[in-house]
1. Hey, L219 hits all of (1) over 30 Å from V35 (Cα atoms); (2) within 14 Å of the ligand (Cβ to nearest atom) but one; which does it fall short on?
2. So, in the stretch 256-310, how many residues would count as being in a loop (DSSP other than H, G, I, E, B) and of a type outside the set (K, R)?
3. Which members of the stretch 62-86 meet the condition of being under 11 Å from the mean Cα position of the chain (by Cα) and closer than 20 Å to V35 by Cβ?
4. Which ones in the stretch 136-151 are touching a Lys or Arg at 6+ places or on another chain (Cβ under 8 Å) and within 16 Å of the ligand (Cβ to nearest atom)?
5. Cβ-Cβ under 7 Å, sequence separation 6+ or interchain: first residue in the stretch 322-339 and over 17 Å from L296 (Cβ atoms), partner part of a helix (DSSP H, G or I). Which pairs?
6. For G154, indicate whether it is at pLDDT 95 or above, within 16 Å of the ligand (Cβ to nearest atom) and surrounded by fewer than 23 Cβ atoms within 10 Å (Cβ to Cβ).
7. Please find, within the stretch 334-354, the residue that is nearest to S225 (Cα to Cα) out of those that are among the basic types (K, R) and outside any loop (DSSP other than H, G, I, E, B).
Amino acid sequence: MSRRLATVLSVLAVLLAGCTPASAAPARAAVVGTVTLVDNGPAANRITLVLIGDGYTAGDLPRFRAQAAATWRALSSVEPFRTYAPFFDVRRVDLVSPESGLGPDSPLGMHFGCGGTPRLLCADEAAVSHYVGPAVGPEYVIALADSTAYGGAGGSGVTTLSAGAKDAGSIIQHEMGHTVGGLGDEYDAAPGGQSDFPNLSTQDASAMTSAHAKWWRWLGAADPSGGVVGAYRSANGLYRPTQNSIMRRLGGVYNLPCREAVIEALYRRLNSIDAAAPAPRAGPVAPGRTLTVTPLPLAGGRRLTVRWTVGGRPAPSAALRDDGLGLDTGALGLGPHCRAFVRATVVDRTDWVRDERFRQARMRASAVWLVGSF
Ligand SMILES: [Zn+2]
């Protein structure tokens with residue numbers, strides 16, 4: 001068979017995806033579609049989660065699609081990802097593999113046992129980048145393997161998941177803690193020397209408090225995992241914030257220091273303000289116009305706080321519109337030849353963050369307009 005004929009056949013197989021027998025799968029891997037699963041806003045101010053699969057033939061694609069949807073469902077059902085789910089867009093890349101399951105020809109090179117750890121699942125990062133294509137904004141890639149064995153991996157680079165594993169949903173909740181929050185494993189068997197994580201420490205509670213180190217602000221707080229935040233010593237000699245957590249045991253919840261680390265990671269990549277109108281840099285605004293600000297959205301009925309000031313003082317409440325998202329400059333009572341700076345400040349006041357310096361620096365943004373007649 002000529003290469004040209006093979007290409008034609010593979011294109012045909014792609015077109016017939018879903019009703020093509022597995023034996024007629026394309027000889028070469030090919031991306032047959034890219035689908036936006038979740039559109040929560042402009043890619044430039046969202047984190048795009050890209051889901052791509054390895055070891056799925058055209059006939060296997062329905063399974064991949066179901067597993068990709070389940071992966072996002074699992075991640076967005078655990079806090080803080082649940083509340084911050086609107087910070088994400090989700091894109092699915094339908095990659096057709098020549099053969100079912102992982103093998104030497106798997107296009108993403110996914111394999112178990114990398115680094116000598118049987119359940120660690122790795123991917124060829126260059127191959128993943130090739131099929132995923134360039135990123136539009138901040139992005140995380142999750143590579144799903146068509147396998148039922150237990151496994152996954154998180155951290156810098158591509159996150160992996162054995163998508164057919166019984167605990168796949170719990171695994172991805174844990175692995176994305178590594179990837180997004182830069183969190184370490186809290187279980188006893190984790191390597192002992194690695195304390196360079198926000199949720200692992202070589203110091204006990206009193207040493208952390210005097211050094212203002214790691215999760216010292218949380219010590220003594222009631223934690224959603226049950227119990228109180230402290231410094232619990234693991235068998236590997238490192239201290240962890242709580243008795244149990246999602247970074248220690250599958251199916252758990254993120255403890256408070258881990259939630260803070262994840263939320264801070266999101267704000268390092270996004271701006272609290274999605275849009276402001278009219279464009280603040282477009283020049284002075286004539287009185288009578290309404291100024292509006294669009295904060296990043298949150299789930300669960302929560303909203304970022306918007307505060308308006310005029311000339312540095314709180315704006316009169318009579319001028320506020322759209323449930324506080326707008327300000328009617330006509331209601332400011334500016335006289336002729338009178339000008340004022342109007343500022344909208346958007347801030348995330350979540351009590352899952354206790355680092356106030358970080359909140360002021362990264363979880364807050366302002367839009368400023370010069371209003372008046374000229
Ligand atoms: Zn882990």
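The values are calculated or read from the model by the stated rules, or taken from the named source; none is laboratory data. Source: prediction; values computed, not measured. We place every Cβ from the backbone using ideal geometry, glycine too, and count neighbours over all the protein chains shown.
1. L219 satisfies every listed condition except (2).
2. Step one: list which residues in the stretch 256-310 are in a loop (DSSP other than H, G, I, E, B), which gives 268-272, 278-279, 283-284, 286-289, 296, 298-302, 304.
This time we only want the ones that are of a type outside the set (K, R), so: 270-272, 278-279, 283-284, 286-288, 296, 298-301, 304.
Counting residues in the stretch 256-310 that are in a loop (DSSP other than H, G, I, E, B) and of a type outside the set (K, R) gives 16.
3. Result: W72, L75, S76, A85, P86.
4. Looking only at the stretch 136-151, we keep the residues that are touching a Lys or Arg at 6+ places or on another chain (Cβ under 8 Å), and these are 137-138, 146, 148-151.
The answer is Y150, G151.
5. Once the first residue is over 17 Å from L296 (Cβ atoms) and sits in the stretch 322-339, its partners that are part of a helix (DSSP H, G or I) give L327/A319; D328/A319; A331/A318; A331/A319; L332/A319.
6. no
7. Checking each candidate, the answer is R343.
Table: residues versus (1) away from the ligand (no atom under 15 Å from the Cβ); (2) surrounded by 21 or more Cβ atoms within 10 Å (Cβ to Cβ); (3) outside the structural domain of T48 (by TED's automatic domain parsing); (4) in contact (Cβ under 8 Å) with a residue 12 or more places away in the chain.
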| position | (1), (2), (3), (4) |
| --- | --- |
| L95 | yes, yes, no, yes |
| L102 | yes, yes, no, yes |
| V128 | yes, yes, no, yes |
| Q173 | no, yes, no, yes |
| N199 | no, yes, yes, yes |
